[in-house]
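The values are calculated or read from the model by the stated rules, or taken from the named source; none is laboratory data. Values in this document were obtained by computation on a predicted structure and should not be read as measured data. Here the Cβ positions follow ideal geometry from the backbone for every residue, glycine too, while neighbour counts run over all protein chains shown.
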Ligand SMILES: [Zn+2]
């Protein structure tokens with residue numbers, strides 16, 4: 001007896017179509033509760049902040065432990081099947097087994113079935129990381145603004161009450177040439193003599 005199995009994965013649902021050569025087809029439905037907004041936000045936060053986990057995910061190598069962190073669980077999944085046997089019947093088991101095999105090469109299928117397609121998760125991870133960067137930038141700018149205000153206050157507290165010009169003039173020592181004990185004529189004489197020598201040449 002050969003079987004053909006076709007699996008369709010959608011948000012909140014895995015459908016299996018089992019084609020028996022004899023005598024009939026079976027349709028299996030797995031019904032899966034999708035994530036709440038809070039659960040989805042937590043998934044995005046975990047993936048945005050844990051670069052190693054995110055790296056494992058994009059390399060299709062998530063562990064059972066990772067799945068717990070990523071809120072992936074098969075609890076509360078329920079099945080139904082045309083065969084009428086107690087659930088989960090062997091058809092339901094083969095569908096879920098096929099699904100688990102598919103997730104080994106594409107773990108994003110876990111999220112898709114829980115209500116979040118890959119492109120949406122990746123967009124939201126990017127948005128979350130941008131918001132973290134903006135938040136940190138705002139914190140740094142705030143710290144710088146407060147430091148500037150503190151410096152301004154300290155400068156104002158220690159600045160002299162008189163004007164900067166008075167302070168400058170008061171601190172300049174008298175230039176030495178002001179105190180030379182020579183007359184203006186004596187100071188001018190070498191220049192006068194040099195000028196005369198120039199005329200003689
Ligand atoms: Zn069945």
Go through the range 18-45 and give me each residue that's within 24 Å of residue 119 (Cβ to Cβ) and in contact with a helix residue (DSSP H, G or I) (Cβ under 6 Å, 6 or more places away or on another chain). 32, 44
Exactly one of 13, 56 is modelled with pLDDT of 95 or more, surrounded by fewer than 18 Cβ atoms within 10 Å (Cβ to Cβ) and closer than 25 Å to residue 125 by Cα, and that residue is 13
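How about the range 93-114: which of its residues are part of a helix (DSSP H, G or I) and away from the ligand (no atom under 16 Å from the Cβ)? Steps first, answer last, please.
Looking only at the range 93-114, we keep the residues that are part of a helix (DSSP H, G or I), and these are 93-105, 108-113.
Hits for the range 93-114 are 100, 101, 102, 103, 104, 105, 108, 109, 110, 111, 112, 113.
Just name the residue that is farthest from the ligand (Cβ to nearest atom) out of those in the range 60-92 that are in a helix (DSSP H, G or I) and surrounded by 15 or more Cβ atoms within 10 Å (Cβ to Cβ). Please lay out each step first, then the result.
Initially, the range 60-92 is screened for residues in a helix (DSSP H, G or I), giving 64-69, 90-92.
Then keep just the ones that are surrounded by 15 or more Cβ atoms within 10 Å (Cβ to Cβ); that gives 66-67, 69, 91-92.
Details: 66: 31, 67: 27, 69: 33, 91: 3, 92: 6 Å.
Once the filter is applied, the top-ranked residue is 69.
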Hey, residue 37 hits all of (1) under 24 Å from residue 126 (Cβ atoms); (2) touching a strand residue (DSSP E or B) at 6+ places or on another chain (Cβ under 6 Å) but one; which does it fall short on? (2)
